[in-house]
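A short worksheet on the structure shown next.
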Amino acid sequence: MTSRLAAAQHLRDLARLRRVRDRIDREYAQPLDVEALARGAHMSAGHLSREFRLAYGESPYGYLMTRRIERAMALLRRGDLSVTEVCFAVGCSSLGTFSTRFTELVGMSPSTYRRHAAHATAGMPSCVAKEVTRPIRNREARVTEPQLV
């Protein structure tokens, strides 16, 4: 009986975590923080962070920033907005934090990406360009074996 209750609680927790992830996907440009997400899921911020990391491999804040950077990449590829305008359009309030996180995930600064990406994806359907240019999170990065010479 106890294991059945624990399994039911686990499923309820997973459903709440999916709702949090869906909210991040929908409202990435809004001012979101872990406390607000936790309140919406009726969890403490610490519990949400731990459970989200267990379920998805990264913190809620890391997931939110990745979504923002993915959207920023699409806006920068369009080329009609400045880096500062893109930063605020995706919900970041600090240009420095945005640029640092963008560089960590993409491997180049937003302004460099803007210059190079417009040419790299020219003529490509936007759905393909999004998949091809998607940033690689740390947990998805390929691990290469050391080569012995």
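Considering (1) free of Cβ contacts under 8 Å to residues at least 12 places away in the same chain; (2) in a helix (DSSP H, G or I); (3) open to solvent by 40 Å² or more (accessible area, probe 1.4 Å), say which one Thr112 fails and leave the rest. Every condition holds for Thr112 apart from (3). Within the stretch 78-89, can one find any residue that is out of contact with any Pro (no Cβ under 8 Å at 6 or more places or on another chain), buried (at least 19 other Cβ atoms within 10 Å of the Cβ), touching a residue at least 12 places away in the same chain (Cβ under 8 Å) and not polar (S, T, N, Q)? Taking every residue of the stretch 78-89 in turn, none turns out to be out of contact with any Pro (no Cβ under 8 Å at 6 or more places or on another chain), buried (at least 19 other Cβ atoms within 10 Å of the Cβ), touching a residue at least 12 places away in the same chain (Cβ under 8 Å) and not polar (S, T, N, Q). Restricting attention to the stretch 4-29, the residues being under 25 Å from Cys92 (Cβ atoms) and surrounded by 14 or more Cβ atoms within 10 Å (Cβ to Cβ) number 8. Taking first residues from the stretch 5-31 that are without any contact (Cβ under 8 Å) to a residue 40 or more places away in the chain and partners that are not in a helix (DSSP H, G or I), the Cβ contacts under 8 Å between residues at least 6 apart in sequence or on separate chains come to Arg16/His42; Arg16/Met43; Arg23/Leu32. The residue list Ala55, Ala129 contains one member that is modelled with pLDDT under 90, on the phi < 0 side of the Ramachandran plot and assigned to a helix (DSSP H, G or I), which is Ala129.
Can you pull out the residues in the stretch 30-48 that are open to solvent by 40 Å² or more (accessible area, probe 1.4 Å) and either closer than 28 Å to Pro110 by Cα or in contact with a Lys or Arg (Cβ under 9 Å, 6 or more places away or on another chain) (or both)? Even if it seems obvious, please write down each step before you answer.
Residues of the stretch 30-48 that are open to solvent by 40 Å² or more (accessible area, probe 1.4 Å), as a first pass: 30-31, 33, 35, 39-40, 42, 44, 47.
Hits for the stretch 30-48 are Gln30, Pro31, Asp33, Gly40, His42.
Within the stretch 43-60, the set of residues being of a type in the set (A, V, I, L, M, F, W, C) and free of Cβ contacts under 8 Å to residues at least 24 places away in the same chain comprises Ala45, Leu54.
Condition first: β-branched (Val, Ile, Thr) and either under 16 Å from Tyr63 (Cβ atoms) or under 17 Å from the mean Cα position of the chain (by Cα) (or both). Now tell me which residues in the stretch 1-46 satisfy that. Within the stretch 1-46, Val20, Ile24, Val34 meet the criteria.
Being touching a residue at least 40 places away in the same chain (Cβ under 8 Å), within 19 Å of Val106 (Cβ to Cβ) and open to solvent by 50 Å² or more (accessible area, probe 1.4 Å) is the requirement here; does Arg71 meet it? Quick ask: steps written out before the conclusion?
Working: touching a residue at least 40 places away in the same chain (Cβ under 8 Å): yes; within 19 Å of Val106 (Cβ to Cβ): yes; open to solvent by 50 Å² or more (accessible area, probe 1.4 Å): yes.
The answer is yes for Arg71.
The values are calculated or read from the model by the stated rules, or taken from the named source; none is laboratory data. Given the structure is predicted, the values throughout are model-derived calculations rather than measurements. All Cβ positions, glycine included, derive from the backbone under ideal geometry; neighbour counts span all protein chains shown. Accessible surface areas use protein heavy atoms only, side chains included; no ligands, DNA or RNA. Shrake-Rupley method; radii C 1.70, N 1.55, O 1.52, S 1.80 Å.
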